[in-house]
Amino acid sequence: MSTFSTRTRVVIGTAGLAVVGAATFGALSADADAKPAAPAADAKPAAVTPAGGVITTQHLSIDAATKAAQAALDAGEKAGQHISVSVVDRDGNVIVQLRGDGAGPQSWDSAEKKAFTAVSWNNKTSVLVNNLQQNPTLKDIPGTLFLAGGVPVDNAGAPIAGIGVAGAPSGAMDEAYAQAGADAITK
């Protein structure tokens, strides 16, 4: 029995892999042309992917965001509070930000983070504060602030914006002003 050189073994092995690859490709190609079997009666329909893989999302207009921010600022001013308001879109990007007369410098950033947190979880930040007890590392997520004062704005159950308010003496007051902003555009 003769032994093959290393070069011969490599050539034979490569040729064998090419044959296996061609057979597999042919089987997959033939399978792709076959008509798919009808789904079972109790199977759930597959999610429909839009043409071209493009997904359409809803966003708050600049006019609606401005109306919401102004309504929140007006609610705070009516109560004698010096607040900042931030309205962010579904992706957490600022659409409108207002800083009321006399609002503290920290309120600007806090309002934005509260709005971002509210839209990210589609929930009021006062509710999310309770989640920190079970998951304390949530507070480490960049851009978030788990203090009352942020409310989401949704359309048909999907978040489209977040409104954050900061600067009042309590988170409950901040949240009431943010809610006034949301109510101005959703009711």
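None of the figures in this text is laboratory data; all of them are computed from the coordinates on show. Owing to the predicted nature of the structure, the values given are computational and were not obtained by experimental measurement. FYI the Cβ positions are ideal-geometry reconstructions off the backbone, even for glycines, and counts take in every protein chain you see.
When Lys and Arg each count +1 and Asp and Glu each count -1, what net charge do the other residues less than 11 Å away from Gly171, Cβ to Cβ, add up to? Once all neighbours under 11 Å are counted, the net charge is 0.
Summary of the geometry: region 142-187 and region 49-89, compared by the centres of their Cα atoms, lie 9 Å apart. Rg/Rh, computed from the Cα trace of region 51-124 with Rh as the Kirkwood radius, has the value 1.07. Over all directions, the projected convex hull of the C-alpha atoms in region 101-151 averages 3.5 nm² in area. Each Lys or Arg adds one and each Asp or Glu subtracts one; over the other residues with Cβ under 10 Å from the Cβ of Phe146, this totals +3.
Shown for Lys139, Lys67, Lys187: other C-beta atoms within 10 Å of each C-beta, ranked fewest to most, produce the order Lys187, Lys139, Lys67. Computed with the Debye formula from one identical point scatterer per Cα of region 62-186, without solvent, the log10 of I(q)/I(0) at q = 0.10, 0.17, 0.23 Å⁻¹ comes to -0.24, -0.70, -1.26. Charging the Cβ of each Asp and Glu at -1 and of each Lys and Arg at +1, and nothing else, the dipole of region 62-186 about its Cα centre rounds to 180 debye.
Taking amide H atoms as placed 1.01 Å from N in the peptide plane, the amide H of Ala161 lies under 5 Å from those of Val153, each 5 or more residues away in sequence or on another chain.
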